[in-house]
Amino acid sequence: MSVGNTGSRLIGNTEFYGGLSTDVKIGIENSYADAECLDVRKSPSQMTVLPKAKSITASETSPIVAMTQDSYGVVYGIRGDGKLYTVANDNSALNVLNSATPFDSGMGLEYYTTDDSLYFTSKDYRFGSYGQINSVPAGESTTRTTFTTMDDNGRYVRYPIEIQNYGETVYYKANTTVDRSAGTATCAVPTSVSETDANKALVLPKANNIAKIGVYFTTKVSSTVYLVLHDENNNVVLKSANKTLTAGSNELVEFDMLPNPGTSLAVDNFPHVKNPWSGDTSEAGTVYHLHIVASTSGNYVKTNTANNMNLGLYFTIKTYVLNWTRNGKHPLTTFDRVYIGNGQYVSVKEAAPPDYLNDSIFIQNAFRVDDGYEVCSFCMTDDYLIVGAEKFNIEGDRPQQGGRLYFWDRSSELASFTVDCPMGSPSCMHNMGDIVYVVVGGALYAYTGGKELVKVRTFRGTDTEFSGSATEIVQYPNMMATRREVMMIGYPSWTNATSIKYGIRAWGATDKNYPNCFTYNYRIPGAADVFNDDKKGYAIFCVYNFGDTLLFAYGIENKAATPSTWTYGLACVDNKCGTETKFFWESLQYDAGSPAYEKMALRVGIYFDALPTGCTITPKYRIDDGDWVDGAVSAGEGDRYVHCEVNQRFHEIQVGFSGTSLNDYNTPAIKQVGMEIRILNEEAKL
């Protein structure tokens with residue numbers, strides 16, 4: 001039946017480069033409502049099927065959370081439990097690189113070319129290295145080193161302190177002509193806390209996360225001794241465990257400092273709280289004083305002034321290398337040096353042998369973010385290291401909402417400027433085309449200059465109003481990468497929402513003459529679905545691209561088990577992957593300019609190149625937000641066209657298709673999706 005005789009019209013798409021629309025009805029030119037695993041960038045006039053992500057391993061007991069590549073092209077990964085791996089050159093397997101006693105990862109792993117070594121972080125206070133990798137000296141071996149503490153060699157620890165007055169201002173000066181260890185006087189240890197100057201030692205540490213304090217005893221008697229550190233208002237900051245001394249002389253005794261206020265902060269999930277934030281980025285920013293208390297008299301300690309601990313007590317300090325953080329993250333990046341997100345600070349590691357660390361090589365407080373924030377992500381531009389920081393609370397259904405980007409030139413004490421992120425945490429950042437992209441909560445933002453982030457795209461399903469429950473969306477730091485000039489985004493890392501689709505999305509353009517578009521490219525291997533439900537759950541831990549290889553780590557939760565269980569794997573997309581075996585495409589809703597009046601849908605038709613072996617395409621349609629209906633006929637091998645009859649009235653309609661293919665190198669090319677309708681002009685419209 002001809003179109004001219006029936007008054008029907010053809011509606012549809014012959015170009016697809018607009019990508020996914022945010023709205024189901026309104027979008028940019030040549031966009032569509034939804035699709036999975038279809039490539040609209042290779043040729044804007046058609047859609048082809050993307051490769052299917054394959055699993056390198058799917059039975060790991062802990063997920064890969066960060067990856068890097070060395071100067072020889074070897075790819076490394078670190079698991080959540082701290083074990084190091086390499087990825088086989090043919091992307092066929094994960095190989096254990098080092099089986100040393102691991103620790104929970106802080107999601108940081110970087111290869112530093114200058115040291116020819118890997119550096120990585122723990123969730124708590126440890127920093128690790130593995131090197132040298134490719135330039136190990138003859139007769140030596142590549143080793144893994146874990147740094148838990150390091151000596152505080154700051155001037156106020158090494159040298160006696162002098163109090164200076166400038167008008168009404170009191171400040172402190174290190175007497176660099178005298179070493180604390182050179183003192184020859186002694187002072188008796190009191191048997192109770194006394195706030196008199198002679199019975200307390202002024203302490204100005206270079207770093208704040210004190211792990212151990214050592215005191216040099218000239219005379220010891222059998223007794224129990226402990227240390228307590230006070231602030232300027234005599235509040236307890238740290239207290240040591242009791243230590244039993246035996247009679248003797250001339251010994252440096254180290255005391256392990258315990259958290260304040262004791263076990264109330266040492267809950268099961270956060271056992272490594274040490275001492276609270278204090279001080280500023282300048283050396284000796286916080287003034288403490290130390291008390292030594294013995295159960296009996298007769299103990300004496302070494303001082304510079306007889307019977308006075310105040311300014312010249314001989315003591316040592318060891319600090320934890322990293323600060324304990326509420327968010328459990330210590331992200332890493334390399335620029336000219338290694339930069340470490342360290343709670344409220346950015347730490348800097350200079351070039352050095354990988355098995356050696358001190359406080360001149362590792363600067364713990366090189367840069368400080370504002371109070372209440374912790375570093376959660378990094379990004380680089382030509383001029384700045386961008387530090388992403390978030391407000392984070394340990395538990396509860398109402399997370400703190402706040403984030404900030406700090407643009408730091410890597411040499412100044414303060415940021416050149418900041419950009420507020422009141423929408424939430426700048427969970428992960430990525431630079432593509434000198435535009436900084438940031439994932440915040442349920443949306444992708446871009447920074448192109450000025451003082452604000454610009455929203456690029458809201459992820460569908462993240463509006464959880466009326467869901468009846470508190471929703472949490474977690475995004476880890478290493479979730480974006482560039483593959484063939486297109487940005488890949490793993491989203492979400494984890495959520496308890498059932499409306500958010502898991503997978504690898506993409507943002508980019510075919511070329512400069514076409515707009516950037518948003519697509520859903522890759523599913524989690526072995527996943528039965530792309531949504532959480534009451535039987536299963538998912539997670540994506542990191543996304544990286546190395547040359548032709550896209551790698552992303554994932555987890556699948558079996559909620560039917562009691563307790564629920566997780567299996568983890570690393571997925572790969574490379575040139576050896578075959579086509580995705582399931583794909584679909586769905587048009588925007590069509591209403592002929594008014595959803596109020598009825599139209600007549602006649603049929604849906606799909607046109608494509610001759611289908612390869614094992615490929616099928618089935619047309620489908622959806623009327624007035626009802627269920628999708630598959631056509632009665634599917635196209636198969638060699639077919640170039642398929643259509644299905646509809647013959648139903650509609651207010652709003654969507655059309656599309658679902659398809660299958662063999663996991664081979666042959667992909668269909670879909671060139672037109674259309675429908676034939678009648679407007680029914682002869683009928684009243686109101």
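The values are calculated or read from the model by the stated rules, or taken from the named source; none is laboratory data. The model shown is predicted, which means the values in this text are computed figures rather than measured ones. Positions of Cβ are generated from backbone atoms using ideal geometry, with glycine treated the same way; all protein chains shown enter the neighbour counts. These area figures cover heavy atoms from the full protein model, side chains too; ligands, DNA and RNA do not enter into them. Shrake-Rupley method; radii C 1.70, N 1.55, O 1.52, S 1.80 Å.
Summary table
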| item | result |
| --- | --- |
| Dipole axis of segment 83-241 (+1 Lys, Arg; -1 Asp, Glu on Cβ), positive-most option in N175, T196, G131 | T196 |
| Order by protection proxy (mean Cβ within 10 Å, highest first), peptides 89-96, 36-43 | 36-43, 89-96 |
| Per DSSP, loop trypsin sites (Lys or Arg not before Pro) in segment 473-551 with at most 14 further Cβ within 10 Å | R484, K512, K535 |
| Coil-residue GluC sites (Glu not before Pro) of segment 605-679, DSSP, other Cβ within 10 Å capped at 14 | E637 |
| Accessible area of the chain belonging to carbon and sulfur atoms, whole % at 1.4 Å probe | 47 |
| For segment 63-131: rounded, prolate or oblate by the Cα gyration tensor [a/c cutoff 1.5] | oblate |
| Solvent-accessible heavy-atom area per residue, rounded to whole Å², over segment 2-61 at 1.4 Å | 45 |
| Loop-located chymotrypsin sites (Phe, Trp or Tyr not before Pro) in segment 57-90, at most 12 other Cβ atoms within 10 Å (DSSP) | Y72 |
| Peptides ranked, highest mean first, by Cβ atoms within 10 Å: ranges 300-306, 627-633, 607-613 | 300-306, 607-613, 627-633 |
| In Hz, Karplus ³J(HN,Hα) per residue of segment 12-26 (6.51, -1.76, 1.60; θ = phi - 60°; x = Gly, Pro) | x, 10, 10, 9, 9, 6, x, x, 5, 8, 5, 9, 6, 10, 10 |
| Ranked by how many other beta carbons lie within 10 Å on average, peptides 246-252, 215-221, 121-127 from highest | 121-127, 215-221, 246-252 |
| Subset of K535/K582; K83/K318; K123/K212; K243/K391; K54/K559; K25/K52 violating a 32 Å alpha-carbon distance limit | K243/K391 |
| Inter-label distance for D511 and T61, nm, one decimal - labels placed 7 Å from Cα along Cα-to-Cβ | 5.3 |
| Rounded FRET efficiency, nearest 0.05, which uses the C-beta distance separating V474 from A596 and R0 of 45 Å | 0.60 |
| Per residue accessible area in Å² of segment 585-676, where ligands, DNA and RNA are left out and the probe is 1.4 Å | 42 |
| Average accessible area per residue (Å²) across segment 312-396 - probe 1.4 Å, nucleic acids and ligands excluded | 30 |
| Per-residue ³J(HN,Hα) for segment 569-585, Karplus 6.51 cos²θ - 1.76 cosθ + 1.60, θ = phi - 60°, Hz, x for Gly and Pro | x, 10, 9, 9, 10, 9, 6, 8, 6, x, 5, 4, 7, 9, 8, 7, 8 |
| Placed amide H near I500: partners under 5 Å, 5+ positions off or other chain | N532 |
| Cα-projected label distance for N234 with A560, points at 7 Å along beta-carbon direction, nm | 6.6 |
| Interchain or long-range residues, amide H under 5 Å from A509's placed H | C517 |
| Phi to ³J(HN,Hα) by Karplus 6.51 cos²θ - 1.76 cosθ + 1.60 over segment 44-50, Hz, x for Gly, Pro | x, 8, 7, 10, 10, 8, 6 |
| The chain: C-alpha gyration tensor shape, a/c 1.5 cut-off, then a/b vs b/c | prolate |
| Sum of -39500 (n - 2.57) over DSSP H runs of 4+, divided by residues of the chain (222 nm, nearest 500) | 0 deg cm²/dmol |
| Cα gyration tensor shape of segment 383-495, rounded if a/c is under 1.5, else prolate or oblate by comparing a/b with b/c | oblate |
